[in-house]
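Chemist: Okay, here's the structure, questions in a sec.
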Amino acid sequence: MKKVIYIEDNAANQRLVTQVFKRLPEIELLNADEPVSGLELVALHNPDLILLDINLPGMDGFEVFKRLKADEKTSNTPVIAISANAMQEDIDKALAMGFEDYIVKPINISALLQVLENML
Ligand SMILES: [Mg+2]
């Protein structure tokens, strides 16, 4: 069974993505609502894919991303940004850093499903 971890502090987005994953019974989704518990969850479960909000409390998604890339256990794990920052500059910055893909909020469900299909 594939595992995906979603680090997101917004409950509505977490619920939406959880609903989407109910259509994908072959993938287990684990949610974290802040960066520290998210990184712990990643260390514990070694997921196949990480969905990462950028605007998070305490540590932003870019910092979380840097920590994931600095750890040899997670340096190759694909990370997809999910962010309300929709400016091309933000998207280009994330892709240049090495994010696998960038999903803009409000989350388009078919776009998310397409990305998951490509990745998993
Ligand atoms: Mg957020």
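Chemist: Of all the residues that make up the stretch 18-32, how many are free of Cβ contacts under 8 Å to residues at least 60 places away in the same chain and touching a helix residue (DSSP H, G or I) at 6+ places or on another chain (Cβ under 7 Å)?
Modeler: 4
Chemist: Could you list all residues from the stretch 69-103 that are of a type in the set (A, V, I, L, M) and within 18 Å of Phe21 (Cα to Cα)?
Modeler: Val79, Ile80, Ala81, Ile82, Ile103
Chemist: Could you run through the stretch 43-67 and say how many residues are under 10 Å from the mean Cα position of the chain (by Cα) and in contact (Cβ under 8 Å) with a residue 60 or more places away in the chain?
Modeler: Total meeting the criteria: 1.
Where a number appears in this text, it was derived from the coordinates with a stated rule and is not lab data. The structure presented is a predicted model; accordingly, all values stated were derived computationally and were not measured. Positions of Cβ are generated from backbone atoms using ideal geometry, with glycine treated the same way; all protein chains shown enter the neighbour counts.
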